[in-house]
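To keep things clear, I will list the structure first and then write my remarks on it.
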Amino acid sequence: MQFGRYYEEFEVGAVYRHWPGKTVTEYDDHLFCLLTMNHHPLHMDAHYAATASQFKRNVVVGNYIYSLLLGMSVPDVSGKAIANLEVESLRHVAPTFHGDTIYGETTVLDKRESGSKPDRGVVSVETRGYNQDGTMVCVFRRKVMVPKREYAEAAVPDGVDPERPSFPEPR
């Protein structure tokens, strides 16, 4: 199974559809809120959300949706990354609710070789997240530094792939 891409494998305009999707549960949302100390009642208090918000129910915290989509994109985009350089933009364009299923896709916007190190390049991508109805809920752009294949393969001693380490034989 491929995990990430080398610089040469990215093509401007390519679209990677990330699979599987993830159904967001109340537990997922509350745990993320608690771990990140975001105790806003819109996310944590069903009575508050029902009586004081326009949606009349809890809204999933946006940073969880962003994190979920970022994670979904790793096998297709940044699995071989040297560094995630920046998030250029992040927009939450529609609310997500408990029980929604999130799907993601990423488009390669641009790529350029590094100006200072010949063994790598920078790839710009846009990731979009959709719910089960096809409504876009989140979109963000980021830049990822990835290795070039020839340099990465030359650095692997004796053909051992550092992404798939060998394990001792069972006794």
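Laid out as a table, the results:
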| read-out | value |
| --- | --- |
| Subset of the range 47-70 [surrounded by fewer than 13 Cβ atoms within 10 Å (Cβ to Cβ) and either of a type in the set (S, T, Y) or in a helix (DSSP H, G or I) (or both)] | H47, A50, T51, A52 |
| Residue under evaluation V93, criteria (1) hydrophobic (A, V, I, L, M, F, W, C); (2) closer than 22 Å to R17 by Cα; (3) open to solvent by less than 50 Å² (accessible area, probe 1.4 Å), criterion not met | (3) |
| Unique match (being modelled with pLDDT of 95 or more, open to solvent by less than 70 Å² (accessible area, probe 1.4 Å) and either closer than 23 Å to H43 by Cα or in contact with a Gly (Cβ under 6 Å, 6 or more places away or on another chain) (or both)) among G104, G121, G79 | G104 |
| Filter result (touching a residue at least 12 places away in the same chain (Cβ under 8 Å), open to solvent by 50 Å² or more (accessible area, probe 1.4 Å) and over 30 Å from V108 (Cβ atoms)) within the range 1-35 | T25, E26 |
| Residue selected from the range 107-118 under the condition open to solvent by less than 30 Å² (accessible area, probe 1.4 Å) and touching an Asp or Glu at 6+ places or on another chain (Cβ under 7 Å), by the criterion nearest to F10 (Cα to Cα) | V108 |
| Residue list for the range 74-117, filter: touching a Lys or Arg at 6+ places or on another chain (Cβ under 9 Å) and among the hydroxyl-bearing types (S, T, Y) | S78, S89, T101, Y103, T106, T107, S114 |
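The values are calculated or read from the model by the stated rules, or taken from the named source; none is laboratory data. What you are looking at is a predicted structure, and each value in this text was computed from that prediction instead of being measured. Backbone-built Cβ (ideal geometry, glycine too); neighbour counts: all protein chains shown. Note: areas computed on protein heavy atoms with side chains; ligands, DNA, RNA excluded. Shrake-Rupley method; radii C 1.70, N 1.55, O 1.52, S 1.80 Å.
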